[in-house]
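Novice: I'd like to ask some things about the structure below.
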Amino acid sequence: MDIFLDSLESAFLLLLARDPELLDIVAVSLKVSTISTLVASLVGIPCGFLIAYSSFYGKRLLLTCLNTLLALPTVVIGLLVYSFISRQGLLGSMELLYTQKAIIIGQVILIIPLVTSLTIAAVSRIDKRYRNTALTLGATQLQMAWVIIKEARYGIGAAVIASFGRVIAEVGISM
């Protein structure tokens, strides 16, 4: 118990002293996690909308795969990314190994299913009358999509925040 208390005391002292090395670490973590969340949101939100409002063969299978990917351990994603960016991997010539870009790639892979699934849930809960009314009033498909996204903005915002929380808390990809 003494070791834990000593470690906790040391951590607080580092925070209070504004240790430059600690501040750099926190800044890098926030930067990488923010970029990952933005990239995953740019991919996941449109995909979630399209999946929610489209009917196609294999939709149930796709939803099952997305839900399964939510439980994928971060270490597995880290190993997958490592196999691609190591010197012998497909992207080895890009020299991404042990860089912030590699962490961003792994984190994006981790949270795209989360952003997409939560966006599907948020968009699916919007009353179909919004879509029908917009189309009846002469809205284009893009304008109709914008109306639906505006109505689902709080759910989509929650999806982005939950994704940021997941990605800032994970260390398996970095390891």
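Novice: Could you order THR68, THR116 by accessible surface area, starting with the largest, using a probe radius of 1.4 Å?
Specialist: Sorted by accessible area, descending: THR68, THR116.
Novice: Of the labelled options (1) 1.02; (2) 1.21; (3) 1.30, which one gives Cα Rg over 2.2 N^0.38 Å as computed for this structure?
Specialist: It is the value labelled (3).
Novice: Could you state how much accessible area ILE35 has, in square angstrom rounded to the nearest 10, with a 1.4 Å probe and all protein chains kept in place?
Specialist: For ILE35, the solvent-accessible surface is approximately 60 Å².
Novice: Per q in 0.15, 0.22 1/Å, what log10 I(q)/I(0) does a Debye calculation on the alpha-carbon atoms of the range 1-70 return?
Specialist: -0.70, -0.99
Novice: Now for a different question. Of the options LEU96, VAL160, LEU16, report the single residue whose Cα projects farthest towards the positive end of the charge dipole of the chain (beta-carbon charges: Lys, Arg +1; Asp, Glu -1).
Specialist: Ranked along the dipole, the leading option is VAL160.
Novice: Run the count for the chain, please: Lys pairs, Cα-Cα under 25 angstrom, 8 or more apart or on different chains.
Specialist: Details: LYS31/LYS101; LYS59/LYS128; LYS59/LYS150; LYS128/LYS150.
Step by step, the pairs that qualify in the chain add up to 4.
Novice: Using +1 at the C-beta of Lys and Arg and -1 at the C-beta of Asp and Glu, which of GLY106, VAL39, ALA134 has the Cα lying farthest in the positive direction of the dipole of the chain?
Specialist: ALA134
Novice: Using only the alpha-carbon atoms, how far is helix 74-85 inclined from the longest principal axis of the chain? Give it as 0 to 90 degrees, nearest 10.
Specialist: 90 degrees
Novice: Could I have the simple spin-label model distance between VAL28 and TYR98, label points 7 Å from Cα toward Cβ, reported in nm to one decimal?
Specialist: Those two pseudo-labels are separated by 1.1 nm.
Novice: Further question on the same structure: I need the calculated FRET efficiency for the pair LEU42 and ARG87, taking r as the beta carbon distance and R₀ as 30 Å, to the nearest 0.05. It would help to have the intermediate numbers written out before the result.
Specialist: Details: r = 30 Å, r/R0 = 1.00.
Computed FRET efficiency for LEU42 and ARG87 comes out at 0.50.
Novice: Same structure again: Modelled label-to-label distance, SER54 and ARG125, 7 Å Cα→beta-carbon offset: nm?
Specialist: The modelled label-to-label distance comes out at 2.4 nm.
Novice: When only DSSP loop residues count, what trypsin sites (Lys or Arg not before Pro) in the range 43-148 have their Cβ near at most 12 other Cβ atoms within 10 Å? Numbers along the way, then the final one.
Specialist: Values: sites: LYS59, ARG60, ARG87, LYS101, ARG125, LYS128, ARG129, ARG131; in loops: ARG87, ARG125.
Passing sites in the range 43-148 are ARG87, ARG125.
Novice: For the range 14-152, give the magnitude of the charge dipole about the Cα centre (Cβ charges: +1 Lys/Arg, -1 Asp/Glu; no others), in debye to the nearest 20.
Specialist: Details: 11 positive and 6 negative charges, 125 e Å.
Around 600 debye, computed over the range 14-152.
Novice: List the GluC sites (Glu not before Pro) in the range 1-95 that DSSP assigns to loop (not H, G, I, E or B) and whose Cβ has at most 13 other Cβ atoms within 10 Å. Which are they? List each step's numbers first, then the result.
Specialist: Values: sites: GLU9, GLU21, GLU95; in loops: GLU95.
Those that pass, being in a loop and sparsely packed, are GLU95.
Novice: Moving on to the next point. Let me know the charge dipole size of the range 74-161 about its Cα centre in debye, to the nearest 20, where only the beta-carbon of Lys, Arg (+1) and Asp, Glu (-1) is charged. Numbers along the way, then the final one.
Specialist: Values: 8 positive and 3 negative charges, 52 e Å.
The dipole of the range 74-161 has a size of about 260 debye.
Novice: Quick check: the distance between the Cα centres of the range 4-74 and the range 118-132, to the nearest angstrom?
Specialist: Computed from Cα coordinates, the inter-centre distance equals 24 Å.
Novice: Right, here's the next one. Roll a 1.4 Å probe over the protein chains and send me the accessible area per residue for the range 1-160 in Å².
Specialist: 68 Å²
The values are calculated or read from the model by the stated rules, or taken from the named source; none is laboratory data. In this text, all values refer to a predicted model and were calculated from it rather than measured experimentally. Don't worry about glycine lacking a Cβ; one is built from the backbone with ideal geometry, like all the others, and counts go over all protein chains shown. Just so you know, the surface numbers come from the protein's heavy atoms only, side chains and all, with ligands and any DNA or RNA stripped out. Shrake-Rupley method; radii C 1.70, N 1.55, O 1.52, S 1.80 Å.
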